[in-house]
Amino acid sequence: MFFEAKEVTPQTLLSEVQQLANAKYRFVTMSQTVMDENTLRLFYHFDVNLTMSDLRHNADLCVWEPTDAKGMVHLRMDVNKNERIPSITPVYFCAVLIENETQDQFGVRFSGLPLDYEGAMYLEGEVTHAPYFTMTTVRRPAAKAEAAKDDTAKGEKA
């Protein structure tokens, strides 16, 4: 990751988000990473004084820490895809779109959404499953990678 994020849990998410709202931070967006077939990592991105919009012109603002003096804050939460996630819409109503999109694309559910498309915001009636698309990074353990090199080398000698 290119930034540090403060870890939160489903139980602490709303209080952390409320603290940011009280400090006049704006909710920018949420991003997601599939950790495994049952775990989704959610990143909530906030800024104050439109800091993120200035990054293109001010490289010195790119100091990525959980709560930096430049006004960017990122929260990280790992969730089980089978458990409901608390919606942050009671604090930031604008999150209703990204939370519904996350339901569509990753199959998770948010509790407390005031406008809940129930996984059908983007998905048409004939589509029977989410997500549309996922990216997976496969990392080969070092021992297997070395064994594969040895096998290749042996094959080249034969």
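The values are calculated or read from the model by the stated rules, or taken from the named source; none is laboratory data. Just so it is clear, the structure is predicted and the values come from calculations on it, not from any experiment. Surface accessibility is based on the protein's heavy atoms, side chains included, excluding ligands, DNA and RNA. Shrake-Rupley method; radii C 1.70, N 1.55, O 1.52, S 1.80 Å.
Summary of values
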| item | result |
| --- | --- |
| Asp47, Asp36, ranked by accessible area, largest first (probe 1.4 Å) | Asp36, Asp47 |
| Segment Ser31-Glu83, extension gain: residue separation times 0.36 nm, minus the distance between their alpha carbons | 16.9 nm |
| Shape call, the range 10-49: gyration tensor on alpha carbons, a/c limit 1.5 | oblate |
| For the range 12-29, 3J(HN,Hα) per residue [Karplus equation, 6.51 cos²θ - 1.76 cosθ + 1.60, θ = phi - 60°, Hz, x = Gly/Pro] | 9, 4, 5, 5, 5, 5, 5, 4, 5, 4, 5, 8, 6, 6, 9, 7, 8, 5 |
